[in-house]
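Structure, as structure tokens:
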């Protein structure tokens with residue numbers, strides 16, 4: 001292929017056609033070489049989001065860094081210890097929510113320009129090397145997120161998490177733009193769902209490894225007498241280690257994707273002119289919004305529901321750690337349980353698309369998510385359904401012994417299915 005250059009004054013549609021002149025439709029299925037390589041990307045990258053943003057690091061950050069700082073400041077002096085703990089935890093949760101909000105806003109405002117550059121033939125793999133390299137470094141830096149003054153400041157940790165979130169989103173936009181080339185059109189929902197299933201499976205594997213190697217030995221003297229590799233749980237290293245583990249996992253596991261995934265961008269397409277022309281195209285499209293009314297309605301709706309859903313998913317583990325009192329063992333079981341159902345949801349999303357069509361599948365999945373999340377907010381240590389059903393012990397067990405615990409577990413299974421199916425439907 002020869003280098004393609006597009007003059008600034010060239011018509012937008014003609015520019016896109018010129019840049020994509022060498023494009024060929026994808027072929028094969030989810031288990032074909034290019035389809036499997038596309039899905040494998042999520043095996044390598046998705047553990048970052050699931051472990052750092054949802055299950056391991058975010059609850060630790062909200063509870064043991066933000067919450068502990070508030071408790072130590074004397075701001076809650078005069079409250080009884082339990083009330084002070086809940087207030088500090090709620091403020092920590094608010095910081096995590098605000099972090100997700102600002103990161104989502106930055107990504108939403110900038111990602112369309114990246115997508116428009118891809119429409120002009122910009123190659124994806126070089127940018128993915130950059131995005132994933134930055135994400136790996138930022139993830140590794142979370143090892144130094146230590147309570148008190150011995151590690152990074154709270155502001156530095158927030159900046160790292162926001163930068164990582166935006167970089168993750170850029171990698172997602174880039175990766176999603178490669179989906180049409182990964183397989184034949186009829187197989188794309190299956191490829192998309194398979195990728196999500198692989199991502200959840202990888203996160204489950206890493207979470208189990210973290211708990212068995214680092215958390216359980218110190219708590220139960222099992223399966224070893226001491227945490228491996230000298231990990232000190234008193235210094236929260238079993239939480240902080242999630243960052244370096246995700247970083248190394250991503251750097252190693254991403255290699256097959258770069259070897260076998262299909263990149264139909266035009267070789268030699270210059271980066272800055274493509275971004276500039278893409279940005280100009282986005283501006284022109286916005287000015288002609290009336291001509292693209294249905295597309296704009298979908299894009300606005302998708303931005304709203306996607307950011308809202310990701311924020312709620314990010315807060316789920318923070319919520320249960322603060323308001324149900326779940327620790328690392330309960331969160332581990334919950335993560336494994338939810339990831340199993342999320343893997344099922346990834347496959348179900350492709351099936352919903354094929355049976356209902358993408359639009360109807362999205363509507364059904366979104367309605368289910370709203371109902372499920374609203375119900376989940378009604379579950380507390382004291383009651384279910386906002387006080388209508390009193391919580392009680394169901395049996396004697398070290399974990400998940402109450403009605404609220406079991407109810408939230410069941411609710412988590414439904415979240416896993418429909419949230420993952422929704423992600424699959426949104427991009428296929």
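One table, with the values for the structure above:
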read-out: Filtered residue count, the range 69-84, keeping only those that are assigned to a loop (DSSP other than H, G, I, E, B) and without any contact (Cβ under 8 Å) to a residue 12 or more places away in the chain; value: 7
read-out: Test result for residue 227, crowded, with 16+ Cβ neighbours inside 10 Å, in contact (Cβ under 8 Å) with a residue 40 or more places away in the chain and over 30 Å from residue 358 (Cβ atoms); value: no
read-out: Residue identified as at pLDDT 90 or above, under 15 Å from the mean Cα position of the chain (by Cα) and crowded, with 20+ Cβ neighbours inside 10 Å among 167, 204; value: 167
read-out: Number of the exception - residue 236 against (1) closer than 29 Å to residue 62 by Cβ; (2) in contact (Cβ under 8 Å) with a residue 60 or more places away in the chain; (3) within 21 Å of the chain's Cα centre (by Cα); value: (3)
read-out: Residue within the range 158-167 that is out of contact with any helix residue (DSSP H, G or I) (no Cβ under 8 Å at 6 or more places or on another chain), without any contact (Cβ under 8 Å) to a residue 40 or more places away in the chain and within 29 Å of residue 67 (Cβ to Cβ) present; value: yes
read-out: Near pairs, Cβ below 7 angstrom, 6+ apart or cross-chain, from the range 121-142 (touching a residue at least 12 places away in the same chain (Cβ under 8 Å) and at positive phi) to any residue that is surrounded by 15 or more Cβ atoms within 10 Å (Cβ to Cβ) and assigned to a loop (DSSP other than H, G, I, E, B); value: 121/4; 121/20; 121/265; 121/266; 121/269
read-out: Residue within the range 87-102 that is within 26 Å of residue 157 (Cβ to Cβ), in a loop (DSSP other than H, G, I, E, B) and touching a helix residue (DSSP H, G or I) at 6+ places or on another chain (Cβ under 7 Å) present; value: no
read-out: Positions within the range 309-333 being part of a helix (DSSP H, G or I) and within 16 Å of residue 375 (Cβ to Cβ), in sequence order; value: 309, 312, 313, 315, 316, 319, 320, 323
read-out: Which listed residue is modelled with pLDDT of 85 or more, within 30 Å of residue 201 (Cα to Cα) and not in a helix (DSSP H, G or I), from 386, 400; value: 400
read-out: Subset of the range 349-361 [in a helix (DSSP H, G or I) and either surrounded by fewer than 23 Cβ atoms within 10 Å (Cβ to Cβ) or touching a strand residue (DSSP E or B) at 6+ places or on another chain (Cβ under 7 Å) (or both)]; value: 351, 354, 355, 356, 358, 359, 360
read-out: Condition met for residue 374 (surrounded by fewer than 16 Cβ atoms within 10 Å (Cβ to Cβ), under 21 Å from the mean Cα position of the chain (by Cα) and either assigned to a helix (DSSP H, G or I) or at pLDDT 90 or above (or both)); value: yes
read-out: Residues satisfying the stated conditions in the range 267-304, i.e. modelled with pLDDT of 75 or more and more than 29 Å from the chain's Cα centre (by Cα); value: 267, 269, 273, 277, 280, 284
read-out: All positions within the range 134-149 that are loosely packed, with under 15 Cβ neighbours inside 10 Å and under 17 Å from residue 231 (Cα atoms); value: 144
read-out: Residue 149, sole failed condition from (1) part of a helix (DSSP H, G or I); (2) under 30 Å from residue 72 (Cα atoms); value: (1)
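The values are calculated or read from the model by the stated rules, or taken from the named source; none is laboratory data. Just so it is clear, the model here is predicted, and its values are computed rather than measured. No Cβ is skipped: glycine too gets one built from the backbone with ideal geometry, and neighbour counts run over all protein chains shown.
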